[in-house]
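See structure below.
Bear in mind these aren't lab numbers, they're just calculated from the coordinates by the rules spelled out. As the structure is a prediction and not an experimental result, all values here were calculated from the model. Note that we place each Cβ from the backbone using ideal geometry, even for glycine, and neighbour counts take in every protein chain shown.
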Amino acid sequence: MKTKDLTQIALMIALIIVLGIIPGIPVGIIPVPIILQNFAIILAGLLLGGRNGTITIAIFILLAAVGLPILSGFRGGLAVILGPTGGYIFAWLTTPALLAAGIKTVRKWRNQPLNFTWLLLVTLSVSIIWIYLIAVTWLSIQSHIPFAVALSANVLFIPGDVIKSIVAVAIAIRLNRSLKLNPDYQ
């Protein structure tokens with residue numbers, strides 16, 4: 001692994017941690033706030049690609065699992081990772097690889113680099129459909145509640161996650177133009 005890769009991975013881990021320090025925005029109806037850490041997870045996948053993005057998330061999860069309070073709300077430890085919201089964390093681990101696979105598949109299908117719209121569609125497919133599928137399934141199993149109830153508890157977060165995906169794609173495209181990180185999108 002090159003020094004450049006290690007540096008990018010370390011910087012992205014730092015960004016994920018810093019965005020976890022920012023207090024969550026309370027929703028009011030349920031005790032779970034809107035957080036910014038998942039924004040950095042999406043950005044890691046878009047900027048670092050499947051391999052380095054997954055390494056980044058794996059290291060972050062490992063640090064949280066050993067007890068460092070780096071998850072949103074200064075939480076950490078295996079109990080948090082295996083708790084009701086652990087599905088998000090497990091889905092985060094696969095997010096960069098799925099983003100990379102989706103980007104490459106659509107790029108090959110279109111036979112040209114992805115523009116904002118296509119990159120956003122791929123990102124929303126992963127950041128909303130995939131992450132919520134895993135998270136809601138995990139919550140349903142952990143909390144012993146029906147899938148529909150777990151899904152309805154999470155619906156409030158979807159608009160915020162759509163906005164985070166839009167901003168992540170805009171930032172990724174802008175940085176990609178400057179730094180030439182990913183040739184699969186413009």
**Extreme residue, nearest to the chain's Cα centre (by Cα), among residues of the stretch 137-179 that are closer than 30 Å to Gln8 by Cβ and among the hydroxyl-bearing types (Ser, Thr, Tyr)** = Ser165
**Message:** Looking at the stretch 87-109 only, could you name the residues that are small (Gly, Ala, Ser) and either more than 11 Å from Ala58 (Cβ to Cβ) or surrounded by 24 or more Cβ atoms within 10 Å (Cβ to Cβ) (or both)?
**Reply:** Gly87, Ala91, Ala100, Ala101, Gly102
**Prompt:** On the given criteria, is Asn52 crowded, with 21+ Cβ neighbours inside 10 Å, more than 19 Å from Val162 (Cα to Cα) and over 13 Å from the mean Cα position of the chain (by Cα)?
**Reply:** yes
**Item:** Filter result for the condition that a residue is in contact with a Pro (Cβ under 8 Å, 6 or more places away or on another chain) and not in a helix (DSSP H, G or I), over Pro23, Pro69
**Value:** Pro23
**Residues located in the stretch 135-147, provided they are surrounded by fewer than 20 Cβ atoms within 10 Å (Cβ to Cβ) and either outside any helix (DSSP H, G or I) or touching a residue at least 40 places away in the same chain (Cβ under 8 Å) (or both)** = Thr137, Gln142, Ser143, His144, Ile145, Pro146
**Lone unmet requirement of (1) within 18 Å of Ala135 (Cα to Cα); (2) touching a Lys or Arg at 6+ places or on another chain (Cβ under 9 Å); (3) touching a residue at least 40 places away in the same chain (Cβ under 8 Å) for Leu98** = (2)
**Asked** How many of the residues in the stretch 26-55 are farther than 21 Å from Arg107 by Cα and part of a helix (DSSP H, G or I)?
**Response** 6
